[in-house]
1. Select from the range 77-105 the residues that are aliphatic (A, V, I, L, M), part of a strand (DSSP E or B) and under 11 Å from the mean Cα position of the chain (by Cα) and list them in ascending order.
2. For the range 28-57, what are the residues that are buried (at least 18 other Cβ atoms within 10 Å of the Cβ), out of contact with any strand residue (DSSP E or B) (no Cβ under 9 Å at 6 or more places or on another chain) and in contact (Cβ under 8 Å) with a residue 12 or more places away in the chain?
3. Filter the range 1-34 down to residues that are within 12 Å of the chain's Cα centre (by Cα) and modelled with pLDDT of 95 or more, then give me how many there are.
4. Could you check, for the range 64-76, whether at least one of its residues is surrounded by fewer than 17 Cβ atoms within 10 Å (Cβ to Cβ) and either in a loop (DSSP other than H, G, I, E, B) or touching a strand residue (DSSP E or B) at 6+ places or on another chain (Cβ under 6 Å) (or both)?
5. Among the residues of the range 77-86, write down those that are surrounded by fewer than 17 Cβ atoms within 10 Å (Cβ to Cβ) and among the hydrophobic types (A, V, I, L, M, F, W, C).
Amino acid sequence: MSVMQASPAAREKIAHPAASALDLATIMRTVGDPLRLDIVRLLADDVPRPCSEVSAAMGLPVSTCSYHLRLLREAGVTRTRAAGTERWMSVRQEDLDARFPGLLGALDREPGSVPGTSVEV
């Protein structure tokens with residue numbers, strides 16, 4: 001009996017929710033964690049980063065960072081692309097802007113700031 005193995009492309013496939021399935025309550029619950037919100041802010045510049053770089057920037061063990069990145073991906077906030085043994089993360093800006101206009105801008109602001117002004121509340 002032969003053992004069938006998945007092709008490399010099939011093993012590299014990472015599931016993401018469809019843009020039409022993104023749920024605001026799930027996203028807000030996920031980014032409600034201060035650490036995950038900081039990760040979103042780090043990735044908001046639209047530059048894909050490997051997990052190791054996100055981990056180093058956040059000062060977290062890779063396993064902890066990977067856990068938080070998985071939650072962000074499952075909520076539909078980030079996209080993960082496999083490249084060999086690395087995983088590259090980016091924010092799903094187009095999908096989020098189409099589904100929830102202004103959400104990323106609101107998440108990227110520091111707490112208490114008023115958009116379009118230098119006023120702090």
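1. Our first condition is that a residue be aliphatic (A, V, I, L, M); within the range 77-105, this holds for 77, 82-83, 89, 91, 96, 98, 103-104.
Next cut, part of a strand (DSSP E or B) only: 82-83, 89, 91.
Those that are aliphatic (A, V, I, L, M), part of a strand (DSSP E or B) and under 11 Å from the mean Cα position of the chain (by Cα): Met89, Val91.
2. Within the range 28-57, Thr30, Val31, Arg36 meet the criteria.
3. 3
4. Within the range 64-76 (the criterion being surrounded by fewer than 17 Cβ atoms within 10 Å (Cβ to Cβ) and either in a loop (DSSP other than H, G, I, E, B) or touching a strand residue (DSSP E or B) at 6+ places or on another chain (Cβ under 6 Å) (or both)), the answer is no, since none of the residues qualifies.
5. To start, the set of residues in the range 77-86 that are surrounded by fewer than 17 Cβ atoms within 10 Å (Cβ to Cβ) comprises 81-86.
Across the range 77-86, the qualifying residues are Ala82, Ala83.
The values are calculated or read from the model by the stated rules, or taken from the named source; none is laboratory data. If you're wondering where the values come from, they're calculated on a predicted model, not measured in any experiment. Heads up, the Cβs are rebuilt from the backbone with ideal geometry, glycines too, and the neighbour counts pull from every protein chain shown.
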